[in-house]
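What follows is a set of notes on a single structure, which appears directly below.
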Amino acid sequence: MTPALRAPEAEPVEYAPRGRFDRVVGLVIAGIVIVAAALLWLAVAANGPEPAIADSQDAVIGIWRILYNADAPDTSVILAAIALALLAAAGLALLEQRIVTRSRRSMNPTHQPLAPKVVMEATRGVFAGAVTVTVLIPAHNEEASLPQTIASLQGQSHRPERIIVVADNCTDATVRLAREAGVEVIESVDNTGKKAGALNQALTVVLPQQGDNDVVMIMDADTQLDDGFLANAVQRFAADRALMAVGGLFHGEEGHGLIGQFQRNEYIRYARQMRRRRGRVFVLTGTASLFRPVALRTVAASRNRTIPGTPGDVYDTAALTEDNELTIALKSLGGLMVSPQDCTVVTELMPSWRTLWNQRLRWQRGALENIGAYGITPTTLRYWAQQLGIGYGVIALGAYLGLILLTVVSLESWIWFPFWLGLGLLFTIERVLGAWKGGWRARLLAAALLPELLFDMFLNVVWVKGIIDISFGRQANWKHLSHTAPAADLAPQEA
């Protein structure tokens with residue numbers, strides 16, 4: 001029989017050193033977006049104001065004269081806008097489909113050793129035993145949430161064979177509570193690489209113990225699995241030996257008032273997007289994702305050869321968003337992955353605007369750094385397109401809200417614009433349907449529209465801050481959200 005699949009041996013360095021786009025990625029994206037917006041503006045302004053609307057004018061606070069038109073745009077303009085939007089969406093979808101298809105058909109074990117055909121050929125006729133699950137929970141001072149996380153694992157219909165808490169520089173009761181819960185603990189040693197560094201230390205111990213049909217799950221310490229998560233994930237691994245990773249879909253915990261509902265609506269829409277993509281993964285979220293050991297070994301062996309990073313490390317400690325970077329690494333190596341609808345988790349929400357700002361700035365800055373490190377490749381094209389789309393959305397939403405404000409302060413009496421009201425109604429309906437599964441609170445917030453637009457603008461400002469920071473080479477920080485455990489959990493144990 002053909003021997004089981006193993007990670008490739010070290011070969012001469014082929015990967016270009018880190019830094020090709022690290023500093024200029026922000027400038028490149030901002031430049032393209034601004035040029036595109038300017039071209040659109042010039043195209044619209046080329047027609048000039050119509051004589052028929054010369055009398056339709058007012059002044060902003062009696063100073064700045066403006067012209068307005070209550071009529072709908074010309075039919076040709078509307079049709080052209082719709083055609084361009086459909087063309088862009090279809091083009092991106094076809095490009096992504098072609099890249100995925102080429103990866104699945106690849107038989108190049110040097111550059112895509114995790115491609116399905118390569119994996120299937122290497123494991124043909126080999127039975128590697130039943131699928132087992134080893135869970136690693138990276139934890140830095142997580143005494144408040146860790147007990148519930150462990151309980152959600154132990155309550156699964158398919159319980160994991162091993163649960164290991166990776167305690168990183170903990171100064172609270174995290175280690176004690178983990179051991180009292182009956183799970184293993186690996187404590188990091190002199191780790192300065194945050195979560196990624198702690199996981200790398202743990203994986204050097206765990207991976208050599210794993211067989212080809214075992215899976216390793218990485219799970220945040222502030223996450224609880226929904227019932228059936230592991231059973232469904234294991235079934236998928238058992239049914240498809242070419243599958244390299246399964247990612248979870250997350251929804252937000254209850255509470256935290258209005259800011260919590262904003263985040264829950266956002267996560268609900270993301271899950272809806274994944275359903276439309278039929279589970280095709282965009283990011284293997286750190287909340288809960290499972291990997292075949294060979295996938296992690298191959299990533300470690302490929303660092304500084306065909307993907308960036310330090311040779312031997314599974315996680316890139318230079319990446320702010322290590323989960324996003326690992327996803328790109330696996331895709332670059334041809335790995336097949338999925339985020340099924342029946343693998344869901346409840347994750348922590350940011351309780352304040354400051355903590356939300358810090359979280360999203362890290363996400364945005366990390367995403368930019370990741371595509372800068374990998375450059376422009378077939379795998380990263382979708383990620384570049386996402387950043388360009390966000391940038392264009394920043395300009396579009398900013399202009400929209402700015403024009404609303406301009407209208408409010410300039411017109412002496414309210415004027416109805418039927419075309420734009422109708423378009424706004426369609427947009428509102430789409431927002432409500434997108435958040436429908438969140439219940440009446442989610443639907444009510446979506447129907448209000450303006451609060452969510454302001455929340456989106458908040459996220460846009462975060463994106464702009466990330467662009468500025470990376471362009472000027474400012475130091476990025478990984479800011480940890482501290483938790484406080486209930487007093488009862490910290491009480492001394494009686495003899």
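The values are calculated or read from the model by the stated rules, or taken from the named source; none is laboratory data. Model, not experiment: these values are computed from the prediction. Note: ideal-geometry Cβ built from the backbone for every residue, glycine included; neighbour counts use all protein chains shown. Keep in mind that these areas ignore ligands, DNA and RNA; they rest on the heavy atoms of the full protein, side chains included. Shrake-Rupley method; radii C 1.70, N 1.55, O 1.52, S 1.80 Å.
Considering segment 96-118, and only residues there that are of a type in the set (S, T, N, Q) and modelled with pLDDT under 85, the residue that is most open to solvent (accessible area, probe 1.4 Å) turns out to be Gln97. Take the conditions (1) in a helix (DSSP H, G or I); (2) surrounded by 13 or more Cβ atoms within 10 Å (Cβ to Cβ); Val408 misses just one of them, which is (2).
Residues in segment 174-193 that are in a loop (DSSP other than H, G, I, E, B) and buried (at least 19 other Cβ atoms within 10 Å of the Cβ): 4 in all.
Filtering Ala271, Ala318 for residues that are modelled with pLDDT under 90 and in a loop (DSSP other than H, G, I, E, B) leaves a single hit, Ala318.
So, in segment 214-264, how many residues would count as being of a type in the set (Ser, Thr, Tyr) and free of Cβ contacts under 8 Å to residues at least 40 places away in the same chain? Please lay out each step first, then the result.
First, pick out the residues of segment 214-264 that are of a type in the set (Ser, Thr, Tyr): 223.
Then drop every residue that is not free of Cβ contacts under 8 Å to residues at least 40 places away in the same chain, which leaves none.
Qualifying residue count for the region: 0.
Applying the set (1) part of a helix (DSSP H, G or I); (2) open to solvent by 30 Å² or more (accessible area, probe 1.4 Å); (3) at pLDDT below 90 to Asp342 leaves exactly one unmet item: (1).
Answer yes or no as to whether Trp357 is over 30 Å from Ala139 (Cβ atoms), part of a helix (DSSP H, G or I), under 16 Å from the mean Cα position of the chain (by Cα) and in contact (Cβ under 8 Å) with a residue 12 or more places away in the chain. Spelling it out, it is not the case that Trp357 is over 30 Å from Ala139 (Cβ atoms), part of a helix (DSSP H, G or I), under 16 Å from the mean Cα position of the chain (by Cα) and in contact (Cβ under 8 Å) with a residue 12 or more places away in the chain. Filtering Thr347, Thr379 for residues that are closer than 25 Å to Arg275 by Cβ and either assigned by the TED database to the domain that holds Val35 or open to solvent by 20 Å² or more (accessible area, probe 1.4 Å) (or both) leaves a single hit, Thr379.
Which members of segment 162-173 meet the condition of being without any contact (Cβ under 8 Å) to a residue 40 or more places away in the chain and either among the basic types (Lys, Arg) or assigned to a loop (DSSP other than H, G, I, E, B) (or both)?
Arg162, Asp168, Asn169, Cys170, Thr171
Taken together, Glu121, Glu143 contain a single residue that is open to solvent by less than 60 Å² (accessible area, probe 1.4 Å) and of a type in the set (Asp, Glu), which is Glu143. Only one of the listed residues (Arg431, Arg441) is of a type in the set (Lys, Arg), in a helix (DSSP H, G or I) and in contact (Cβ under 8 Å) with a residue 60 or more places away in the chain. That residue is Arg441.
Cβ-Cβ contacts under 9 Å between residues 6 or more apart (or on different chains), taken from a first residue in segment 194-208 that is open to solvent by 20 Å² or more (accessible area, probe 1.4 Å) to a second residue that is outside any helix (DSSP H, G or I) and of a type in the set (Ser, Thr, Tyr), are listed as Lys194/Thr317; Lys195/Tyr315; Gln201/Ser188.
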